[in-house]
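Nothing in this text is a laboratory measurement; each read-out follows from the coordinates by a stated rule. Here the structure is a predicted model, which is why all the values come from computation and not from measurement. Note that we place each Cβ from the backbone using ideal geometry, even for glycine, and neighbour counts take in every protein chain shown.
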Amino acid sequence: MQMAVSSPATPHSEVRRADPCPSVGAPAAPLRTGRELLRATERYAFDSRGRSWMHLSTTVSLLVGALVAAGAAPWWPVQLAASILATLVFVRAFILFHDFMHGAILKGSKVAEGIFFVLGMILMTPPNAWRYGHNYHHKHVGKRSETSTGSFPLLTTEMWRKASKGDRLFYRVARHPLTMLFAILTVFAYSICFTNLKNDPRKYWDSAAALLCHLIGAPLLAIYGGFEPLLFLYLIPVVSAGMIGAYLFYSQHNFVGMQVPDEDDWDYHSASVATSSYLETGPVLRFFTGNIGFHHVHHLNAQIPFYRLPQAMAELPELQHPIRTTLRPRDVIGNLRLKLWDESRREMVTFRDAAI
């Protein structure tokens with residue numbers, strides 16, 4: 001049960017498509033699809049080691065500085081501001097971790113591996129469990145399934161009608177907003193860490209390490225530091241970063257205008273673009289979210305480093321008109337309401353819309 005945004009029940013005629021860089025006076029050319037489009041993205045799928053190290057070092061430095069200020073500043077409003085900053089930097093740090101797990105940045109670096117292992121422990125995304133679940137998600141993106149391996153489950157209205165009461169309850173819980181609100185427990189501690197550890201303790205030993213890190217670290221912080229360090233160094237930054245990450249993941253694959261391919265027509269390339277959103281943000285949020293809003297580009301080619309995603313979208317006409325979403329309350333609420341894929345209407349619908 002790991003995790004994706006758009007406007008509420010908007011008719012398809014009103015679905016907003018991003019147009020970040022319309023070409024002027026350029027001759028029309030046939031749009032590439034499938035493997036041809038994937039090949040066109042390959043020129044962006046290379047790592048600049050110096051650039052990647054710069055991003056990692058500045059992110060870690062900013063994170064450490066924010067946490068030091070959150071724990072040591074003499075005035076609580078400064079601590080609160082620093083704690084909120086740490087939350088946002090944790091989100092960015094996770095995107096770098098995510099790219100490293102894909103092999104998009106700093107591949108083969110033992111130093112980077114050590115840094116990201118520590119971040120994985122803090123963010124409760126142990127590398128072994130995360131790699132397994134997230135790779136599964138990429139290979140099966142856009143497929144209808146009751147499984148929550150690497151993603152939120154996705155049922156059609158017909159599958160829902162045939163589901164047992166237990167399966168329906170699980171589905172409702174997995175896609176409920178409260179699950180995202182308490183994602184540090186529901187998604188990260190339970191789904192990513194505990195379930196994998198239970199299934200294969202030897203393989204997912206780092207899940208046990210992550211759980212122990214939190215089960216021991218948080219109480220020790222409270223005992224020896226008191227409530228304020230617990231609040232500003234753990235509850236606000238770590239818990240809030242988990243919540244933000246869960247919603248971002250949900251919104252990337254659960255939005256108005258998303259088109260879920262029929263099982264017989266599914267292929268990785270088209271599903272990657274059709275079932276992945278483009279999250280519009282300003283430059284500040286784009287920095288803290290590590291360009292993950294360019295999600296349709298990332299899913300098409302996960303080897304593209306996060307800092308090249310905007311360039312790929314800007315230079316490839318086929319990627320310039322995805323369905324867009326935002327973090328405006330109307331879009332957030334609307335996307336949280338979407339629950340099922342209606343095959344006859346060819347759109348995501350609410351439980352009420354499905355009349356079930």
Which order do Met258, Met101, Met54 fall in if you start with the one that has the fewest other Cβ atoms within 10 Å?
-> Met54, Met101, Met258
Among the aspartates and glutamates, which fall within straight-line cross-link reach of Lys110, defined as a Cα-Cα distance under 20 Å, with same-chain neighbours fewer than 8 residues apart omitted?
-> Asp47, Asp99, Asp206
For Arg168 and Asp267 in one chain, what is 0.36 nm times their gap in residues minus the Cα-Cα distance, to one decimal in nm?
-> 32.9 nm
Put a dot 7 Å past each Cα toward the Cβ at Asp200 and Arg51; how far apart are the dots in nm?
-> 3.5
Normalised contact order of the stretch 46-349, rounded percent, pairs of Cα under 8 Å and 6 or more residues apart | 22
Surpassing 19 Å at the alpha-carbon level, of the pairs Lys165/Lys339; Lys107/Lys143; Lys162/Lys339, are Lys107/Lys143
Compare the Cα positions of Phe117, Gly50, Val332 along the charge dipole of the chain (+1 at Cβ of Lys, Arg; -1 at Cβ of Asp, Glu; about the Cα centre) and return the one farthest towards the positive end.
-> Phe117
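Please report, in debye to the nearest 20, how large the charge dipole of the stretch 46-349 is about its Cα centre when each Lys and Arg carries +1 at its beta carbon and each Asp and Glu carries -1 there. Can you show the working numbers first?
Details: 27 positive and 21 negative charges, 84 e Å.
Result for the stretch 46-349 is approximately 400 debye, rounded to the nearest 20.
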Among Phe249, Thr350, Ile192, the residue whose Cα sits farthest towards the positive end of the charge dipole of the chain (+1 at Cβ of Lys and Arg, -1 at Cβ of Asp and Glu, taken about the Cα centre) is Ile192
So what are the ³J(HN,Hα) numbers for the stretch 211-217, from phi and the Karplus equation (6.51, -1.76, 1.60; θ = phi - 60°), rounded to whole Hz, Gly and Pro as x?
-> 4, 5, 4, 7, 5, 9, x
For the stretch 46-349, whose charge dipole is built from +1 on Lys and Arg Cβ atoms and -1 on Asp and Glu Cβ atoms, the candidate among Trp341, Ser61, Ala312 with its Cα farthest towards the positive end is Ser61
